[in-house]
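The values are calculated or read from the model by the stated rules, or taken from the named source; none is laboratory data. The model shown is predicted, which means the values in this text are computed figures rather than measured ones. Don't worry about glycine lacking a Cβ; one is built from the backbone with ideal geometry, like all the others, and counts go over all protein chains shown.
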Amino acid sequence: MAICDLAATVAQVRCFKAGQQQGAASGFFYAEGDRLFFITNRHVIIKEEDNYYPGEIRMRLHINPNDIRQNEDLSSHLYDDSGKPTWLEHPTHGARIDVVAIPMDAELIKSRFFIRAFSSKDLIPSDVDISIGEDVLVLGYPLGLHDMVHNLPIVRSATLASVYPVPFSGDPIVLIDSRLHRGTSGSPVLTKPTQMLRRQDGSTSFLSGMVSFLVGVHSAGVDIKDRDPQQD
């Protein structure tokens, strides 16, 4: 995806229950054919162990690409009239994979808002290498740190801390090393914009132009199980 479009892919998501805000995090848009989804962490919209069940999310989106100070709220319900969740999650692993896809009204958004959406073409191609220790970026809305006047995200630097795409310790995750803040959950993790190398027929070549690929979705759900807070 072009570098100038990245800021329009993400949005802060605020969660509400009975009109009261319960929390805030980050997320991004993803298109699959004609379908449009908002991607964020599962723990952003439901945490059974904490009795946390917001019923609505609100996103503040740009409405004028020529004046980024102009924004409006978009609301989406998390349950239908029968009480069934509207979001999609992994059909068998559920909460173990901390990602949900919330269906959006693509026509409504296209007619009212200015956004950009990732798609399968923004995923890392199989013939492009991303190495352990490589710089990646986390694009989101940490609480109190983003541009609240223009409704723009900020970028935090991170390092790929485990071998991609090997599942870390058998879990469906890859580790990044970074200092992140509350509100970043659900942010897209991206390769640092660069002229990346493509492998082909035993040789390598540069990809055309500056590119950035979608690596994954940030979830602050991993910690050292036997960490001593007084020591580590």
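Tell me, please, whether a residue that is in a strand (DSSP E or B), in contact (Cβ under 8 Å) with a residue 24 or more places away in the chain and more than 19 Å from the chain's Cα centre (by Cα) can be found in segment 87-100.
There is no residue in segment 87-100 that is in a strand (DSSP E or B), in contact (Cβ under 8 Å) with a residue 24 or more places away in the chain and more than 19 Å from the chain's Cα centre (by Cα).
Can you pull out every residue in segment 1-16 that is within 13 Å of residue 139 (Cα to Cα), modelled with pLDDT under 95 and either surrounded by 13 or more Cβ atoms within 10 Å (Cβ to Cβ) or of a type in the set (Phe, Trp, Tyr) (or both)?
Correct list: 5, 6, 7, 8.
Test residue 32 against the stated conditions and say whether it is in contact (Cβ under 8 Å) with a residue 24 or more places away in the chain, surrounded by fewer than 20 Cβ atoms within 10 Å (Cβ to Cβ), closer than 23 Å to residue 190 by Cβ and not assigned by TED's automatic domain parsing to the domain that holds residue 184.
Yes: the conditions hold for residue 32.
Residue-by-condition table, conditions (1) in a strand (DSSP E or B); (2) farther than 29 Å from residue 95 by Cα; (3) among the small types (Gly, Ala, Ser); (4) at pLDDT 85 or above:
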residue	(1), (2), (3), (4)
158	yes, no, yes, yes
163	no, no, no, yes
181	no, no, no, yes
219	no, no, yes, yes
223	no, no, no, no
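Taking the residues in segment 122-148 that are among the acidic types (Asp, Glu) and not in a loop (DSSP other than H, G, I, E, B) as candidates, determine which candidate is surrounded by the most Cβ atoms within 10 Å (Cβ to Cβ). Even if it seems obvious, please write down each step before you answer.
Filtering segment 122-148 down to residues among the acidic types (Asp, Glu) leaves 122, 127, 129, 134-135, 147.
In the following step, the residues that additionally are not in a loop (DSSP other than H, G, I, E, B) were identified as 122, 135, 147.
Working: 122: 18, 135: 11, 147: 12.
Step by step, filter segment 122-148, then rank; the result is 122.
Answer with yes or no whether residue 146 is within 18 Å of the chain's Cα centre (by Cα) and over 28 Å from residue 172 (Cβ atoms). Full working, then the answer.
On the way: within 18 Å of the chain's Cα centre (by Cα): yes; over 28 Å from residue 172 (Cβ atoms): yes.
Criteria met by residue 146.
In contact (Cβ under 8 Å) with a residue 40 or more places away in the chain and surrounded by 12 or more Cβ atoms within 10 Å (Cβ to Cβ) - does that describe any residue in segment 17-24?
Within segment 17-24, one or more residues are in contact (Cβ under 8 Å) with a residue 40 or more places away in the chain and surrounded by 12 or more Cβ atoms within 10 Å (Cβ to Cβ).
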